[in-house]
Structure formats: C-alpha cells, structure tokens
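A.B. asks: Submitted below is the structure of interest, expressed as structure tokens.
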Amino acid sequence: ELIDRLIANGPGSLNVDAMKLALDSAETSRAKVYEYEALITKATQIKSNAQSGGDDSPGDGSSYANLIDGNTGSIFHSQWLDAYASPAQSGTGWHNLQITLNEPKSGIKFTYTGRNSSDGWHDNPNHIVIYATNNASLAASTISAESEQWTKIIELTPENANFPGDVFVIDQPYESPLIELGDSYKYIRFEIKDTTHQNKVDSRMFAVPDITGVTWNVSEFQMYSPIEVESS
C-alpha cells in the first residue's frame, strides 16, 4: 500500500529523478517473493553420533524418521546415561545431528518442535553450533572431535537466536533466523551444547559434557532454504 501511494503521489511532492529511482527499486523488490523449500525429505539424510538406542533398536522410541513424520507424539532422543554423570566416564562428546542435503545450499534456516511429554522431559536445544562441509569423506563420520575439521558457520545461543525460554510448554516450537553459510555446502552438522532442561537431574547435567555430551530431544526437526519466486 505504501508503494502504491508513493507511485501515485511521490513525483509531485519530491525530487522527480530521486523518487523515480526509489520507486523503480520498490517495484523490483515488490515483484520478488521468497518461499522456503523443506530440505529433509528422507530419514536416510539424517544421522547422529548419539542416537539413543540406534535406529535398528530405538531407545526412548527414538528414530530419525520421527523428526520428519509430522507427528509430535513421536520423538528423537540423544543418549542419556547415569554413568555419564561421572567425570571418569567417557562418552560420545558433544551430541550432534548431521544432515546430508540433496544439493549444496548457501542459506538455511531450521525449525524444531519440542517433545510432547506430559511428564515434562523437554530437553529443547538452546545452544547450537552449526558446521558445514563439502568433504564427503569427512561427512561420512559423525565423530564429535572431528567438528574442528568442518567449517564453523555460527554459534547460536539464547542471547542471539531467541530460543524459547518457557520449557514447560509441550510441543514448544522454534524457528531460527535465516543463516547465510558464506558458501554452498552439502553437509550440515548441528552440535548441541545446552538445553532448557525442564527436569534437572544429575544424569542430564553431565559432569564433563565435552566428553559425554548433553542429552536433548525434540519431536520434529526440519531445515529450509529460500527460493526466490516472482509474485503474480
């Protein structure tokens, strides 16, 4: 509406050349609309260094397919073991989720929906480091320590990413900002370094999280990439 008013009234009230330039730019911008395509269409695109139970014999009902099934009654859960509370206990390192894209992308955003649990076990990620690579050999592994060989894209925290703070909400939704990767990448790694922890117990507050990781769970997870389309 503002653009329409400027087109109708602007040249009569402001410098015509300057206004024409501004209006040409506005018309061009108005003609562009951004839509987003879902990037994860198959469970085989997903893997992790810390899936609870493993996909062949899921623990906690955890399965990669649950992340994209549109059902908040199913979950993905990373490992949690009472033994990890011991400083002497070795584990998997920071728990990660790794996505293989069908084709490289230069910009992404992601969404998740927290666990649907009346018991309150909502471990929503709220500190995530995102890495990327095009090295297929490197991406074949999910070993946490190898993250330093990937390209670090961004570190998302409650201070810069507006993560949800109300951990008592069932099916808590989250949508990230659009993240520019700086290049086009086929493999994306999400490394989770903290969660909201509704029910804080020792087995989830691991003594050496850089060795054992931090357990987390969500019911849905998806990545998107912007597509520029022409408006009608």
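A.B. asks: Could you list, in sequence order, all residues of the stretch 86-106 that are among the hydroxyl-bearing types (Ser, Thr, Tyr) and more than 16 Å from the chain's Cα centre (by Cα)?
C.D. replies: Our first condition is that a residue be among the hydroxyl-bearing types (Ser, Thr, Tyr); within the stretch 86-106, this holds for 86, 90, 92, 100, 106.
Hits for the stretch 86-106 are Ser86, Ser90, Thr92.
A.B. asks: Contact list please: Cβ distance under 7 Å, first residue in the stretch 81-106 and closer than 16 Å to Ser141 by Cα, second residue among the charged types (D, E, K, R) and part of a strand (DSSP E or B), pairs at least six apart or on different chains.
C.D. replies: Pairs that qualify, where the first residue is closer than 16 Å to Ser141 by Cα and the partner is among the charged types (D, E, K, R) and part of a strand (DSSP E or B), are Trp94/Glu191; Trp94/Lys193; Asn96/Arg189; Asn96/Glu191; Gln98/Lys47; Gln98/Arg189; Thr100/Lys186; Leu101/Lys186.
A.B. asks: Another question about this same structure. Is there a residue being hydrophobic (A, V, I, L, M, F, W, C), modelled with pLDDT of 95 or more and either surrounded by fewer than 19 Cβ atoms within 10 Å (Cβ to Cβ) or on the phi > 0 side of the Ramachandran plot (or both) anywhere in the stretch 193-214? Please lay out each step first, then the result.
C.D. replies: Going through the stretch 193-214, the residues hydrophobic (A, V, I, L, M, F, W, C) turn out to be 201, 205-208, 211, 214.
The next check asks that each one be modelled with pLDDT of 95 or more; those that pass are none.
Within the stretch 193-214, none of the residues are hydrophobic (A, V, I, L, M, F, W, C), modelled with pLDDT of 95 or more and either surrounded by fewer than 19 Cβ atoms within 10 Å (Cβ to Cβ) or on the phi > 0 side of the Ramachandran plot (or both).
A.B. asks: Which one of these is closer than 27 Å to Met205 by Cα and either modelled with pLDDT of 90 or more or open to solvent by 40 Å² or more (accessible area, probe 1.4 Å) (or both): Thr100, Thr92? Reasoning before the result, please.
C.D. replies: On the way: Thr100 fails: closer than 27 Å to Met205 by Cα.
Among Thr100, Thr92, only Thr92 is closer than 27 Å to Met205 by Cα and either modelled with pLDDT of 90 or more or open to solvent by 40 Å² or more (accessible area, probe 1.4 Å) (or both).
A.B. asks: Need a quick list: strands (runs of 3 or more DSSP E) entirely within the stretch 103-179 having at least 3 residues that are exposed (fewer than 13 other Cβ atoms within 10 Å of the Cβ). Before you say what the answer is, go through the steps one by one.
C.D. replies: Numbers: elements: 125-133, 151-156, 173-175.
Here the list is empty.
A.B. asks: Do we have any residue at all in the stretch 1-16 that's modelled with pLDDT of 90 or more and either over 30 Å from Asp119 (Cα atoms) or loosely packed, with under 11 Cβ neighbours inside 10 Å (or both)?
C.D. replies: Here is the first cut: in the stretch 1-16, the residues modelled with pLDDT of 90 or more are none.
No, the stretch 1-16 contains no residue that is modelled with pLDDT of 90 or more and either over 30 Å from Asp119 (Cα atoms) or loosely packed, with under 11 Cβ neighbours inside 10 Å (or both).
The values are calculated or read from the model by the stated rules, or taken from the named source; none is laboratory data. Fair warning: this is a prediction, and the values are worked out from it, not measured in the lab. Virtual Cβ from ideal backbone geometry, glycine too; neighbours counted across all protein chains shown. Side chains are part of the model used for accessible areas, which takes the heavy atoms of the whole protein and leaves out ligands, DNA and RNA. Shrake-Rupley method; radii C 1.70, N 1.55, O 1.52, S 1.80 Å.
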